[in-house]
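The values are calculated or read from the model by the stated rules, or taken from the named source; none is laboratory data. Only a predicted model underlies this, so the values are computations on that prediction, with no experimental measurement involved. Counting neighbours? That spans all protein chains shown, and the Cβs are built from the backbone with ideal geometry, glycine included. All accessible areas refer to the heavy atoms of the entire protein, side chains included, with ligands and DNA or RNA removed. Shrake-Rupley method; radii C 1.70, N 1.55, O 1.52, S 1.80 Å.
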Amino acid sequence: MQNDFRVIVFISGRGSNLQSLTRCAKHFNITHVLSNKPEAKGLEFATEHGITPLSRARKDFPSVLQQKEWLYEQAVKLNPDLIVLAGYMQILEPGFVEIFSGKIVNIHPSLLPQFPGLDTHARALASGVKKHGCTVHYVDHEVDTGPIIAQSQCDVLPDDTEATLTEKVLGMEHRLLPWVVNNIATGDILFNEQNEVVYSEQLRTSAKENLFQLGRKI
Ligand code: GRF
């Protein structure tokens with residue numbers, strides 16, 4: 001069944017979150033996958049699943065910025081209802097974020113605002129935190145700072161390693177991201193004019209049942 005709510009996904013690599021989004025898409029339709037890396041594995045998955053891949057190599061452009069601008073042009077032309085950053089490893093220019101204000105979400109492998117940026121699992125272990133997890137948030141002008149939509153958390157156990165934490169958290173990402181995107185598509189999660197995330201009552205119940213935390217700041 002085709003859904004009216006059109007989503008495009010930005011990736012840079014493997015695309016396991018793209019796969020879980022595709023598998024769990026109940027209320028939205030992923031029309032295109034855009035990437036700064038033509039060799040990204042996720043683009044092959046997109047092609048195999050009837051999703052249009054869009055990517056051009058860095059070497060085709062005089063600068064990284066021009067390559068990014070090409071991607072931005074594609075997104076603007078597509079005019080999606082939502083852009084999902086699922087392992088997209090570049091920082092978006094403020095002008096682009098402005099165009100899609102309240103319409104870009106990102107999945108990040110930590111309980112933001114803890115551990116923004118890279119190497120989140122190693123940093124969580126090194127810091128000795130007892131809880132770790134993942135966050136889906138709206139994207140603003142800075143890196144990993146936008147309003148938090150929802151989080152999923154796990155215990156950090158004494159014998160956890162970077163590998164075990166990566167595996168645990170990735171599994172949680174695969175449940176959290178599609179849940180958020182389905183609920184944005186149905187209007188159960190909204191971004192209001194005051195840049196706040198607003199949730200329906202039904203969503204609150206569903207979050208509790210799934211053990212997700214809403215808008216949580218730790
Ligand atoms: C995920 O851990 C995501 O949170 C992070 O990059 C990783 C991408 O994995 N931003 P995949 O490409 O979705 O498999």
Which residues, taken from the stretch 175-202, are away from the ligand (no atom under 16 Å from the Cβ), within 18 Å of V9 (Cβ to Cβ) and not β-branched (V, I, T)? N182, N183, A185
When you go through L125, L111 one by one, which is the residue that is in a helix (DSSP H, G or I) and out of contact with any Phe, Trp or Tyr (no Cβ under 9 Å at 6 or more places or on another chain)? L125
Inside the stretch 61-102, can you point out the residues that are away from the ligand (no atom under 16 Å from the Cβ) and in contact with a helix residue (DSSP H, G or I) (Cβ under 7 Å, 6 or more places away or on another chain)? F61, V64, Q67, Y72, V76, L82, E93, F96, I99
Filtering the stretch 105-123 down to residues that are closer than 13 Å to T145 by Cβ and open to solvent by less than 40 Å² (accessible area, probe 1.4 Å) yields N106, H108, S110, L112, F115, G117
Which residues, taken from the stretch 35-60, are crowded, with 17+ Cβ neighbours inside 10 Å, farther than 17 Å from H174 by Cα and either away from the ligand (no atom under 12 Å from the Cβ) or not hydroxyl-bearing (S, T, Y) (or both)? N36, K37, A40, L43, I51, P53, L54, S55
Residues being in contact with a Phe, Trp or Tyr (Cβ under 7 Å, 6 or more places away or on another chain) and within 13 Å of the ligand (Cβ to nearest atom) - total across the stretch 1-34: 6
For the stretch 1-30, give me the residue count where each residue is surrounded by fewer than 16 Cβ atoms within 10 Å (Cβ to Cβ) and under 11 Å from the mean Cα position of the chain (by Cα). 0
Quick one: in the stretch 134-174, of everything that is in contact (Cβ under 8 Å) with a residue 40 or more places away in the chain and of a type in the set (G, A, S), which residue is nearest to the ligand (Cβ to nearest atom)? S152
Among the numbered criteria (1) modelled with pLDDT of 95 or more; (2) exposed (fewer than 15 other Cβ atoms within 10 Å of the Cβ); (3) within 15 Å of the ligand (Cβ to nearest atom), which single criterion is violated by A126? (3)
